[in-house]
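Below: one structure, written as structure tokens.
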Amino acid sequence: PIWASLLKGIKSSGKVLYVSTLFPYLVLFCLLIRGLLLEGAPEGVRIMFTPKVSAWGTGQAWRQAATQVFFALGLGFGSTIAYASYGARRSPCHRHAVLVATLNALTSVLATLVVFAVLGARATRRARRCLLQNVELVSQALAEGGLPEFARPPGNLTALSAPQYSAWVRGLPPELRVTLRLSDCSLEEEMNKGVEGPGLAFIVFTETLTLLPAAPLWSSLFFLMLLGLGLSTMLGTAQAVLTPLLDAFPALRRRRALLSVGFCAGGFVLGLPFVQRSGSYLVAAFDDYVATLPLLAVTACEAVAVAWVYGAERFLALIWEVTGHRPLRLYGPMWRYGSLGAMLALLATSLGQLVLSPPTYQAWNRTTATLWRRPYPPWALALTLGLMVVTMLPIPIVALRRVLKPPGDAPGLQDRRLKPEEEEKEEEDEEEEGKDEEKEPARPPPPSWTPPHCLAERESSPLEDGQELCFPIGRTA
């Protein structure tokens, strides 16, 4: 399906995105309504909105939060830039950016509500099962006289709520709890079990969906939603790879279908290790280190390029020229210091944590039948660090290449510019067309800044041969 969606470029993939993007919203709303009706769902929602202040002081929590934002918005992957490059010359890009960020935040809240409602129902069910097991243990201890008078429960255990039972268990001496093999059965602990990585989608959700009426229907809708999310994500990733290649190498435009097949085949081969028996460990390594730390470095370099190399004021003037509306001047200091400082602080904290505490992964202990954390073997650490370096290596290589050989000396870029006479003819045609249409009110140009004349409009395909190429950020044609 990915290759078929990429066959005709943005025309075909855009139509597929309408379905793969909107369908998950429909399923999320259905799951939210059904999930809130489950027993224990309000407890899950309450835990969701109860802040855990102790986690705010850990760098891992902030790194995971930043990674979630980057993955949700596609920052650092190139997909947002690739899709934006097909926009019209005069487009409200500022309004679109604010709209996308707002919708992303609301979508995250919606998905989190669904997750915590289902987790609350699951935790309530598991806590009740744990309570019944402990009732049998306490009853056996009372019958055998092994429970002291001060440790007797306040009434019937089965009539106690989960918080009351947890308070009673925590009040017992630790030695007595170990002797009786009593557990806390708290909702918070039950909600945290098995929710790391793919376990949330493929274990926790499926466990709850199988207990619902019409379970096959809900399971089918849920996995169709996951398929749609994966399809839309892969289409964005494909556009981020294919669009720069088609722009930089004009000869590839005649072989778009073959290039798409090669991309899909390469992704299929590279994805095979992740579906092996050890694939879950590779997914955890990529999710925790290979995909997150380089992402922070890439976005930090992008912030440096826009705010300091190209200049925040020049970029604000460019937005003013494109949209016709002057953006807030607050964006300048935020780009220079706020967002850049936050990303550099997260990157430094993550690297420091990686050095001070060796990375670990979650494994299954067959002896105790429990999950435990183990340190990565040396070869896995070397492979992880190597992949991280390879991911970030193109940034200094391309920067050094641009310093040694400016873009104006690149033959591929020179061949794709308009000749002077063609440029004059194009300007004359635009003037003649403008006479037949109503004149737009002139937009005030930004002070002390000349708008670039080479903001080429991209429609349904990358730049055609002979069309002018412009690099408004960081370099000029």
Subject >> Exclusive hit being farther than 25 Å from LEU245 by Cα and open to solvent by less than 50 Å² (accessible area, probe 1.4 Å), set ALA317, ALA300 >> reply: ALA317
Original post:
In segment 355-384, which residue that is part of a helix (DSSP H, G or I) and under 13 Å from ASP288 (Cβ atoms) is most open to solvent (accessible area, probe 1.4 Å)?
Top reply: LEU381
**OP:** Go through LEU245, LEU231 for me and flag whichever is closer than 30 Å to GLY87 by Cβ and open to solvent by 50 Å² or more (accessible area, probe 1.4 Å).
**Re:** LEU245
Original post:
Name the residues in segment 1-43 that are exposed (fewer than 15 other Cβ atoms within 10 Å of the Cβ) and of a type in the set (Gly, Ala, Ser), would you?
Top reply: ALA4
**OP:** Restricting attention to helices (runs of 4 or more DSSP H) lying wholly within segment 1-115, give those where 3 or more residues are at pLDDT 85 or above and touching a helix residue (DSSP H, G or I) at 6+ places or on another chain (Cβ under 7 Å).
**Re:** 10-36, 41-48
Original post:
Taking segment 328-338 on its own, how many of its residues are open to solvent by less than 40 Å² (accessible area, probe 1.4 Å) and either touching a residue at least 12 places away in the same chain (Cβ under 8 Å) or among the hydroxyl-bearing types (Ser, Thr, Tyr) (or both)?
Top reply: 1
**OP:** Check LEU131, LEU110, LEU142 and return the single one that is in contact (Cβ under 8 Å) with a residue 12 or more places away in the chain, within 30 Å of LEU176 (Cβ to Cβ) and open to solvent by less than 70 Å² (accessible area, probe 1.4 Å).
**Re:** LEU131
Original post:
How do the pairs read when you match residues in segment 339-353 that are within 14 Å of VAL298 (Cα to Cα) and at pLDDT below 90 with residues anywhere that are among the basic types (Lys, Arg) and open to solvent by less than 30 Å² (accessible area, probe 1.4 Å), using Cβ under 7 Å and keeping only pairs 6 or more apart or on different chains?
Top reply: LEU346/ARG63
Subject >> Among (1) over 30 Å from SER220 (Cβ atoms); (2) at pLDDT 75 or above, the one test that ARG177 misses >> reply: (2)
Original post:
If you check every pair at least six apart or on different chains, which have Cβ atoms under 7 Å apart with a residue in segment 222-240 that is without any contact (Cβ under 8 Å) to a residue 40 or more places away in the chain first and a residue that is open to solvent by 20 Å² or more (accessible area, probe 1.4 Å) and among the aliphatic types (A, V, I, L, M) second?
Top reply: LEU226/ALA201
**OP:** For GLU188, work out the one condition from (1) at pLDDT 75 or above; (2) not in a helix (DSSP H, G or I) it doesn't fulfil.
**Re:** (2)
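The values are calculated or read from the model by the stated rules, or taken from the named source; none is laboratory data. The structure presented is a predicted model; accordingly, all values stated were derived computationally and were not measured. Positions of Cβ are generated from backbone atoms using ideal geometry, with glycine treated the same way; all protein chains shown enter the neighbour counts. Side chains included, ligands, DNA and RNA excluded: accessible areas come from the protein's heavy atoms. Shrake-Rupley method; radii C 1.70, N 1.55, O 1.52, S 1.80 Å.
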